[in-house]
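Structure, as structure tokens:
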Amino acid sequence: MSYALLVPVLRALLGSTPADAVPWLVAFGSAVALYAVLRYISDLSGMRVGTTMLRGTYHRLGEHLARLPLGWYNAARIGEVSALAGRGLLQAMGVAAHLLAPFIAALVTPLTIVAVMTAFNWRMGLAALLAAPVVAAIQAWTARATATADADRHERDQEAGGRVIEEGQRLAVVGPSGAGKSTLLQLLARFYDVDAGAVRVGGVDVRQISTETLMARIAIVFHEVYLFDGTIEENVRLGRPDAGVAEMRAAATAARLDEVIERLPGGWAANVGEGGALLSGGERQRVSIARALLKNAPIVLLDEVTSALDPVNEAAVHEGVQRLMAGRTVVMVAHRMRTVRRADRIVFLDGGRIVEEGSHDELLDRGGRYAGFWNISMASAARE
Ligand SMILES: Nc1ncnc2c1ncn2[C@@H]1O[C@H](COP(=O)(O)OP(=O)(O)OP(=O)(O)O)[C@@H](O)[C@H]1O
Ligand SMILES: [Mg+2]
């Protein structure tokens, strides 16, 4: 409006009777004063929007950080996060606080100019108005091109992963040391995220599943069992913190942990030491099997111990593992070929890639890497 008033003001001032400008000047002054008041209000509300946005963003950032895999947090990343939370978010808030008013001005000013132009000369107004759809069309076209590229990438991601194992089946992962077997299980449990492709559980990308939901569905028995410095009871209870005593005992018996508890001074209250150092490897695995049994999750990730256990421990762990696998979807890294043989499906890994895939019989017939592995293990079993 101030812009519009400038026209009669200048006309009167430059015309034959400059005194006529006085009422127009008063009107112009009032319009500028009104603008100042409105501008103050808009700046204040921009600030308010910014603060609200900042609060919301902090919330979402916090939730996102909680969902990231543990392996994501290295020293550089932690620095990045604190820089982002400190500086980055404040900058983002500044967008609303300081750019909201200019944004509205950018929208309103051209409209005002078009209106004023039309009022004084309709041809000029029409020309300015006709330019608007052209600008809008160009903007819409660029936005659509970006969106199409995004959608393409998303679709390719979706296609990349085929279904490897069906519900209720057992998948055995076999391969030489360092092939990436443990890494594969860690990706499934989202200790790490993939750089390319996707890991899906029940058709859903694990990155889209909240940590609690994913962890509630997966029970993990890894060969480097890490126990928390505490009692055996505390370590087993981690599987399901609200479990009753009877359930705890049942799980311990099924995992043949009861024998260990009987032997140890203090029983259930015996301390396992930092990382479980006071227990033997086989005993540690029994604790983690009991924990997994108590958890009763539909999916079991199992990484068999590489080092040989004594026959008693070996049989006990084997028995516990059999009970744990019953009725569940299992992905296991198996070193004992008799465990592998019973799997519904076997993948042979080497150098981080699946080189063979199929059932035990199919892979034996093929006479490839798996068949070679099998023959060596049969020969060494025969020698013993
Ligand atoms: N950050 C990393 N980047 C790339 N490679 C890595 C990284 N960390 C470990 N590796 C390598 O990845 C490979 C796979 O290790 P992984 O523990 O999955 O093997 P594995 O098949 O479980 O072997 P084993 O049978 O001995 O347990 C190893 O050669 C390891 O050195
Ligand atoms: Mg391993």
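Taken together, the values in this text are just the output of simple stated rules run on the coordinates, not laboratory data. For clarity, every value in this text was computed on a predicted model and none was experimentally measured. Here Cβ is always computed from backbone atoms with ideal geometry, including for glycine, and neighbour counts include all displayed protein chains.
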Exercise. What is the stretch 170-383's relative contact order, in percent, from Cα pairs under 8 angstrom and six or more apart in sequence?
Worked result: 30
Exercise. Taking +1 at the Cβ of each Lys and Arg and -1 at the Cβ of each Asp and Glu, which of Ala151, Ile138, Ala343 sits farthest along the dipole of the chain towards its positive end, judged by Cα position relative to the Cα centre?
Worked result: Ile138
For this session: Starting with the fewest neighbours, write out Lys295, Lys181 ranked by other beta-carbon atoms found within 10 Å of each beta-carbon.
Result: Lys295, Lys181
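Viscosity 1.002 mPa s, temperature 20 °C: give me the Stokes-Einstein translational D for the stretch 2-120 in µm²/s, with Rh taken as the Kirkwood radius over C-alpha pairs. Write out the running numbers ahead of the final one.
Details: Rh = 18.4 Å.
This corresponds to a translational diffusion coefficient of 116 µm²/s.
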Exercise. If you put +1 on each Lys and Arg Cβ and -1 on each Asp and Glu Cβ, how big is the dipole of the stretch 2-120 around its Cα centre, in Debye rounded to 20?
Worked result: 360
Exercise. Gaussian network model of the chain, Cα springs within a sub-10 Å range: biggest mean-square fluctuation belongs to which of Leu279, Leu324, Leu25?
Worked result: Leu25
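Compute the relative contact order of the chain as a whole-number percentage, counting only Cα pairs closer than 8 Å that sit 6 or more residues apart in sequence.
Relative contact order, the chain: 17 percent.
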Problem set entry | Magnitude of the charge dipole, the chain, Cβ model with Lys/Arg +1 and Asp/Glu -1, debye to 20 | 940
For this session: Starting with the fewest neighbours, write out Arg240, Arg55 ranked by other beta-carbon atoms found within 10 Å of each beta-carbon.
Result: Arg55, Arg240
For this session: Take every Cα pair under 8 Å in the stretch 2-120 that's 6+ residues apart, average their separations, divide by the length, and report that relative contact order as a whole percent.
Result: 33
Problem set entry | Span per principal axis, largest first, for the Cα atoms of the chain (Å) | 120, 54, 33
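Compute the normalised compactness of the stretch 293-376: alpha-carbon radius of gyration over 2.2 N^0.38 Å, N being the residue count. All intermediate terms of the calculation are to be shown ahead of the outcome.
Working: Rg = 13.9 Å, N = 84, 2.2 N^0.38 = 11.8 Å.
Normalised Rg, Cα atoms only: 1.17.
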Seminar exercise, completed: Cα-based Rg/(2.2 N^0.38 Å) for the stretch 170-383, rounded to two decimals, is 1.05
For this session: Would you mind telling me which residue in Leu363, Leu301, Leu100 has the biggest mean-square fluctuation in a Gaussian network model of the chain, where springs connect alpha carbons within a distance under 10 angstrom?
Result: Leu100
Exercise. Put +1 on the Cβ of every Lys and Arg and -1 on every Asp and Glu Cβ in the stretch 2-120; which of Ser45, Ala119, Leu13 then has its Cα farthest towards the positive end of the dipole?
Worked result: Ser45
Problem set entry | Listed residues Pro241, Ser182, Ile209: farthest to the positive end of the dipole of the chain (Cβ charges) | Ile209
For this session: Report, in deg cm²/dmol and to the nearest 500, the calculated mean residue ellipticity at 222 nm for the chain, where each DSSP H run with n ≥ 4 adds -39500 (n - 2.57) and the sum is divided by the residue count.
Result: -20000 deg cm²/dmol
For this session: Arrange Asp350, Asp365 by Cβ neighbour counts within 10 Å, fewest through most, would you?
Result: Asp365, Asp350
Seminar exercise, completed: Computed about the Cα centre, the charge dipole of the stretch 170-383 from +1 Lys/Arg and -1 Asp/Glu charges at the Cβ has a magnitude in debye, to the nearest 20, of 440
